[in-house]
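The values are calculated or read from the model by the stated rules, or taken from the named source; none is laboratory data. This structure is a prediction, so every number in the text was calculated from the model and none was measured. Methodologically, a virtual Cβ is constructed for each residue, glycine included, from the backbone with ideal geometry; neighbour enumeration extends over all protein chains shown.
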Amino acid sequence: MLNLSPTTQEDIKQITEWLNADPWHKDDPRNIPELMTTGNGLLSFCLRDDEGPLVYIKLTEEGNYVRIAMQFAPEGVVSKRRLVIGLVDAGIPAMKLFAEQRGYRGLIFESVNPSLIAFGKKQGFNDEGNNDYSMIFGEQIHV
């Protein structure tokens with residue numbers, strides 16, 4: 001079963017461990033584990049399945065969009081299969097619903113990770129340039 005739960009101070013240790021093991025994020029000074037906790041941004045949460053945490057997510061406002069920041073576990077901790085199931089079945093729908101209900105135009109994320117970019121495109125995110133990928137609500141998904 002998938003669920004979304006608030007992130008707490010107790011999650012900072014795990015977020016830090018995951019961040020330090022993440023080749024795409026570990027050297028980015030914008031990634032501060034304490035800012036991934038509930039109370040920061042529009043919404044911060046942990047997506048979990050029956051085995052435990054899958055990903056930590058923080059949503060922030062950026063103009064008419066909701067920007068997504070995610071911290072993934074090392075693949076040895078959370079398989080890509082578990083992560084994809086969680087994001088497709090609960091994570092992306094929850095983020096989309098949250099943003100739509102608040103009148104935002106769409107979702108946007110930044111990445112240079114080819115695997116994440118390909119996954120995002122399959123979910124309806126389009127290249128906006130400058131390593132940004134957006135899903136504009138009401139538009140057809142481009143496959």
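Numbers for the structure displayed
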quantity	calculated
Failed item in (1) touching a helix residue (DSSP H, G or I) at 6+ places or on another chain (Cβ under 9 Å); (2) part of a helix (DSSP H, G or I), with Gly86 passing the rest	(1)
Given (1) assigned to a helix (DSSP H, G or I); (2) touching a Pro at 6+ places or on another chain (Cβ under 7 Å); (3) not aromatic (Phe, Trp, Tyr), index of the condition Gly91 fails	(2)
Test: Leu97 is within 26 Å of Lys13 (Cα to Cα) and of a type outside the set (Val, Ile, Thr)	no
Identity of the residue in region 117-137, without any contact (Cβ under 8 Å) to a residue 24 or more places away in the chain and in a helix (DSSP H, G or I), that ends up nearest to Glu61 (Cα to Cα)	Gly120
Lone unmet requirement of (1) surrounded by fewer than 17 Cβ atoms within 10 Å (Cβ to Cβ); (2) of a type in the set (Ser, Thr, Tyr); (3) in contact (Cβ under 8 Å) with a residue 24 or more places away in the chain; (4) in a strand (DSSP E or B) for Thr60	(3)
Which listed residue, of Val78, Val66, is of a type in the set (Val, Ile, Thr), buried (at least 17 other Cβ atoms within 10 Å of the Cβ) and either over 14 Å from the mean Cα position of the chain (by Cα) or modelled with pLDDT under 95 (or both)	Val78
First in region 29-44 and closer than 15 Å to Glu10 by Cα and of a type in the set (S, T, N, Q), second anywhere and at pLDDT below 90 and not in a loop (DSSP other than H, G, I, E, B), Cβ under 6 Å, 6 or more apart	Ser44/Met36
Matching residues, region 96-116, being assigned to a loop (DSSP other than H, G, I, E, B) and surrounded by 10 or more Cβ atoms within 10 Å (Cβ to Cβ)	Arg102, Tyr104, Arg105, Ser111, Asn113
Selection from region 17-54 of residues that are modelled with pLDDT of 90 or more, buried (at least 17 other Cβ atoms within 10 Å of the Cβ) and not hydrophobic (A, V, I, L, M, F, W, C)	Thr37, Gly41, Ser44, Arg48, Asp49, Pro53
Number of the condition not met by Ala73 [criteria: (1) among the small types (Gly, Ala, Ser); (2) under 23 Å from Glu10 (Cα atoms); (3) surrounded by 20 or more Cβ atoms within 10 Å (Cβ to Cβ); (4) modelled with pLDDT of 95 or more]	(4)
